[in-house]
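Colleague: After the structure tokens below, expect a handful of questions from me.
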């Protein structure tokens, strides 16, 4: 059976943006990153500093059930070739902390569309791998995009659209 992809979020000037920033400053790091809605999409950019941290992320809440049955996500945008990840949080917890499910985004170098499978995601808390229950897309409460590739320097990813594929 062929999969069907529908727009989950399309970024255009004047669109409401419910994303927020979480950088490594929450743990003493020095990376800078943020986002801005521009003519060509949601621009996530900044600079990674691996001395004391090494990540920048943007996140948004997801209404419970909005990703039910989703097996992959497609991103259309303009990238810098760096190794970003999609992150998801559900109600799953370990040691009282929410578990982050992370899926690797194939590098986008220039303009392109990539598909990100949601099977076999890495699970972590504060960047440390943990055992976790199987990912349940119907229970997603938050999704994000993170850059934590261990490389210092500037980054820029323009996201034009995110599609949910079932």
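The values are calculated or read from the model by the stated rules, or taken from the named source; none is laboratory data. Keep in mind it's a predicted model, so treat the numbers as computed, not measured. All Cβ positions, even for glycine, are placed from backbone atoms using ideal geometry, and neighbour counts span all protein chains on display.
Colleague: Among (1) over 28 Å from residue 2 (Cα atoms); (2) under 14 Å from the mean Cα position of the chain (by Cα); (3) part of a strand (DSSP E or B), which single condition is residue 162 missing?
Modeller: (1)
Colleague: I would also like to ask the following. Can you run down the residue pairs with Cβ atoms below 7 Å, 6 or more apart or on separate chains, where the first is in the stretch 87-111 and free of Cβ contacts under 8 Å to residues at least 24 places away in the same chain and the partner is surrounded by fewer than 19 Cβ atoms within 10 Å (Cβ to Cβ) and part of a strand (DSSP E or B)?
Modeller: Note: pairs meeting the criteria are 106/114.
Colleague: Continuing with this model, one more query. Restrict the check to the stretch 15-26 and report whether at least one residue is touching a helix residue (DSSP H, G or I) at 6+ places or on another chain (Cβ under 6 Å), surrounded by fewer than 20 Cβ atoms within 10 Å (Cβ to Cβ) and either closer than 20 Å to residue 137 by Cβ or touching a residue at least 40 places away in the same chain (Cβ under 8 Å) (or both).
Modeller: Among the residues of the stretch 15-26, not one is touching a helix residue (DSSP H, G or I) at 6+ places or on another chain (Cβ under 6 Å), surrounded by fewer than 20 Cβ atoms within 10 Å (Cβ to Cβ) and either closer than 20 Å to residue 137 by Cβ or touching a residue at least 40 places away in the same chain (Cβ under 8 Å) (or both), which makes the answer no.
Colleague: Here's a follow-up. Every residue in the stretch 45-60 that is at pLDDT below 95 and surrounded by fewer than 17 Cβ atoms within 10 Å (Cβ to Cβ), please.
Modeller: The answer is 51, 52.
Colleague: What pairs can you find where one residue is in the stretch 28-42 and modelled with pLDDT under 95, the other is surrounded by fewer than 16 Cβ atoms within 10 Å (Cβ to Cβ) and not in a strand (DSSP E or B), and their Cβ atoms are less than 6 Å apart, with a gap of 6+ or different chains?
Modeller: Every condition considered, the pairs that remain are 28/52; 29/52; 30/52; 37/17; 39/13.
Colleague: I need a count of the residues in the stretch 123-165 that are out of contact with any helix residue (DSSP H, G or I) (no Cβ under 9 Å at 6 or more places or on another chain) and under 30 Å from residue 40 (Cβ atoms).
Modeller: 25
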